[in-house]
Amino acid sequence: MESSPFNVETAFTIGPLAVSWPVVVTWGIMAFLTAVSFIITRRLSLKPGRAQAVLELIVSTLDSEIRETVAGNPARFRPLIGTLLIFILAANWTSLVPGVEPPTAHLETDAALASIVFLASIFWAIRSQGVGGWLGSFVRPSWLMLPLNVIGQITRHFSLMIRLFGNVMSGVFVISIVLSLAGLLVPIPLMALEMLTGAVQAYIFATLALVFVGSAVSEAATENEPKQKGTEA
């Protein structure tokens, strides 16, 4: 990364709208993942081939992770968490392509991903608890906790954005410096480390997103238990 991650270069313009390079790379990643998904899923069979077997392994592993975090059917969260995991993984690994900067090394992309998780957590909180229950969660255990609960809701998603941005940007920055000083062969071990780091960061982001989104459902279930016990009594 030769320029500052806060300076986003414009790739082209559509009328008054400027389209930056991170957006172009993001479109390319989405097109690539869509094509791969279509190719793998268009001929599913009871006797899976290698590609289908890998896909089923990913889905079963993802479902297992979801079950360990949130009770109930994992299919509810599979599309969101699975999409975040695969997209961030692919985005992080674009740093290995010469001349391409991963969109996750730019704050705008990470802010958009964190905003998706933020809105999803609100959606599931309202769906599980209702509007009144969601608003009431900010004043538990007392009204004095209202400012802290609101700040906590915002800062945990802000930290999600900063964590991904800092780790990906720093990795790309270090590799670009070593590449400029040492040539093509020396940075190969660093690139392997970057692949591992990119996978770990994608996993951490997806896991934290699952915790944030699933906490609303778990909180609603905890609140309903005393009511059910009181009714049974």
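The values are calculated or read from the model by the stated rules, or taken from the named source; none is laboratory data. None of these values were measured; they are calculated from a predicted model. Reconstructed Cβ throughout: ideal geometry from the backbone, glycine too, with neighbour counts over all protein chains shown.
Do you know which residues across region 107-133 are surrounded by fewer than 20 Cβ atoms within 10 Å (Cβ to Cβ) and among the aromatic types (Phe, Trp, Tyr)?
Correct list: Phe123 only.
Could you look through region 53-89, keep only residues that are modelled with pLDDT of 90 or more and of a type in the set (S, T, N, Q), and pick out the one that is surrounded by the most Cβ atoms within 10 Å (Cβ to Cβ)?
Checked region 53-89; the qualifying residue surrounded by the most Cβ atoms within 10 Å (Cβ to Cβ) is Thr83.
Answer yes or no: is there a residue in region 24-42 that is of a type outside the set (A, V, I, L, M, F, W, C) and farther than 27 Å from Glu194 by Cα.
yes
Could you tell me which residue of region 10-39 is farthest from Glu101 (Cα to Cα), considering only residues that are assigned to a helix (DSSP H, G or I) and among the polar types (S, T, N, Q)?
Restricting to residues being assigned to a helix (DSSP H, G or I) and among the polar types (S, T, N, Q), the top hit is Ser37.
Sort out which residues of region 1-52 are of a type in the set (A, V, I, L, M), under 23 Å from Ile175 (Cβ atoms) and modelled with pLDDT of 85 or more, and write them in order of number.
Val23, Val24, Val25, Ile29
Quick one: which residue in Ala206, Ala216, Ala220, Ala202 is aliphatic (A, V, I, L, M), at pLDDT below 70, in a helix (DSSP H, G or I) and under 27 Å from Pro79 (Cα atoms)?
Going through Ala206, Ala216, Ala220, Ala202 in turn, the sole match is Ala220.
From the residues in region 94-106 that are surrounded by 17 or more Cβ atoms within 10 Å (Cβ to Cβ) and of a type outside the set (Gly, Ala, Ser), which one is nearest to the chain's Cα centre (by Cα)?
The qualifying residue nearest to the chain's Cα centre (by Cα) is Thr104.
Just a yes or no: is a residue in region 108-123 free of Cβ contacts under 8 Å to residues at least 60 places away in the same chain and over 17 Å from the mean Cα position of the chain (by Cα)?
Within region 108-123, none of the residues are free of Cβ contacts under 8 Å to residues at least 60 places away in the same chain and over 17 Å from the mean Cα position of the chain (by Cα).
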